[in-house]
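This structure is in structure tokens; I'll ask about it shortly.
The values are calculated or read from the model by the stated rules, or taken from the named source; none is laboratory data. Since we're looking at a predicted model, the values are computed, not measured. Don't worry about glycine lacking a Cβ; one is built from the backbone with ideal geometry, like all the others, and counts go over all protein chains shown.
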Amino acid sequence: MLIMPEQHELAGRRLVVASHNAGKVREISALLAPLGIEAVSAAALNLPEPEETALTFEGNAELKAVAATQSGLPSLADDSGLEVMALDGAPGIYSARWAGPGKDFAFAMQRVHDELEAKGARDLSARFVCVLALAFPDGAVRTFRGEANGVLVWPPRGEKGFGYDPIFLPEGETRTFGEMTHEEKLPLTHRARAFEKLLAALK
Ligand code: IMP
């Protein structure tokens, strides 16, 4: 396991969560509190949200985290999405963008389905990916990747969750993410796996 160098110790320090999404900030704060790390949101510090111009999850997570270090504090950002193997990894980093400005995920899921049909795809395997980037004001950055493998189902199943949850059946399960409660879904997620790696590096 990689050990954090001393100048990158975080215990007892404040860290910026490079997100303007209040739910995400709350979730990350709760995870970091037991380690003695206080999380503050990028919105509370009036930090601008950079455009996600990179072509990988790692690149986008890094650019968000690095931009937030202008506060003088270390910073944590995440980037996530759904990769469909038969679509060469699409929608991938464009997962949120496929839902359009109205964030219409029924539309985005239909597009995934239509593109698979158009290709006559038989392989319905997919994975959710989450990359966390931890950046320091001295320019150092580290990333942590978590993945959740599964297959796609059609029609969508379940009203719970968000985004592409109703079409994603995680490996070894009989219910889609959309049919699971938050508590049932959480330990199976790409996000939880990325966090496990981050916490192991911080401890
Ligand atoms: P981000 O906020 O830029 O990371 O956007 C990630 C997008 O990927 C979200 O808008 C969702 O569409 C999708 N996504 C990421 N994680 C999940 C998940 O756990 N369930 C369903 N969709 C997800």
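Does Phe144 count as of a type outside the set (Lys, Arg) and either within 22 Å of Pro91 (Cα to Cα) or touching a Pro at 6+ places or on another chain (Cβ under 8 Å) (or both)?
In short, yes.
While we're here: In region 77-104, how many are aromatic (Phe, Trp, Tyr) and in contact with a Pro (Cβ under 8 Å, 6 or more places away or on another chain)?
Of the residues in that region, 1 qualify.
Test Pro137 against the stated conditions and say whether it is in contact (Cβ under 8 Å) with a residue 40 or more places away in the chain, surrounded by fewer than 16 Cβ atoms within 10 Å (Cβ to Cβ) and touching a helix residue (DSSP H, G or I) at 6+ places or on another chain (Cβ under 9 Å).
yes
Let me ask another. Just need a number here: residues in region 154-165 that are within 11 Å of Val112 (Cβ to Cβ) and without any contact (Cβ under 8 Å) to a residue 60 or more places away in the chain.
Of the residues in that region, 2 qualify.
Select the strands (runs of 3 or more DSSP E) contained entirely in region 2-113, then report the ones holding at least 3 residues which are at pLDDT 95 or above, away from the ligand (no atom under 16 Å from the Cβ) and under 19 Å from the mean Cα position of the chain (by Cα).
none
Any chance you could count how many residues in region 163-172 are out of contact with any helix residue (DSSP H, G or I) (no Cβ under 7 Å at 6 or more places or on another chain) and part of a loop (DSSP other than H, G, I, E, B)?
The qualifying residues number 2.
Being in a strand (DSSP E or B), free of Cβ contacts under 8 Å to residues at least 40 places away in the same chain and more than 16 Å from the chain's Cα centre (by Cα) is the requirement here; does Leu116 meet it?
The answer is no for Leu116.
Just the residues that are surrounded by 13 or more Cβ atoms within 10 Å (Cβ to Cβ), hydrophobic (A, V, I, L, M, F, W, C) and touching a residue at least 40 places away in the same chain (Cβ under 8 Å), please, taken from region 178-203.
Across region 178-203, the qualifying residues are Leu188, Ala192, Ala194, Phe195, Leu198, Leu199, Ala201, Leu202.
Against the conditions (1) in contact (Cβ under 8 Å) with a residue 40 or more places away in the chain; (2) buried (at least 17 other Cβ atoms within 10 Å of the Cβ), where does Leu35 fall short? Just the number, please.
Failing condition for Leu35: (2).
If you go through region 119-158, how many residues are within 16 Å of the ligand (Cβ to nearest atom), outside any strand (DSSP E or B) and in contact with a Ser or Thr (Cβ under 9 Å, 6 or more places away or on another chain)?
Counting residues in region 119-158 that are within 16 Å of the ligand (Cβ to nearest atom), outside any strand (DSSP E or B) and in contact with a Ser or Thr (Cβ under 9 Å, 6 or more places away or on another chain) gives 4.
Whether any residue in region 34-51 is small (Gly, Ala, Ser) and closer than 17 Å to Val129 by Cα is what I want to check.
No, there is no match, as no residue in region 34-51 is small (Gly, Ala, Ser) and closer than 17 Å to Val129 by Cα.
Would you check which residues across region 159-177 are surrounded by fewer than 16 Cβ atoms within 10 Å (Cβ to Cβ) and within 11 Å of the ligand (Cβ to nearest atom) and list them?
Phe162
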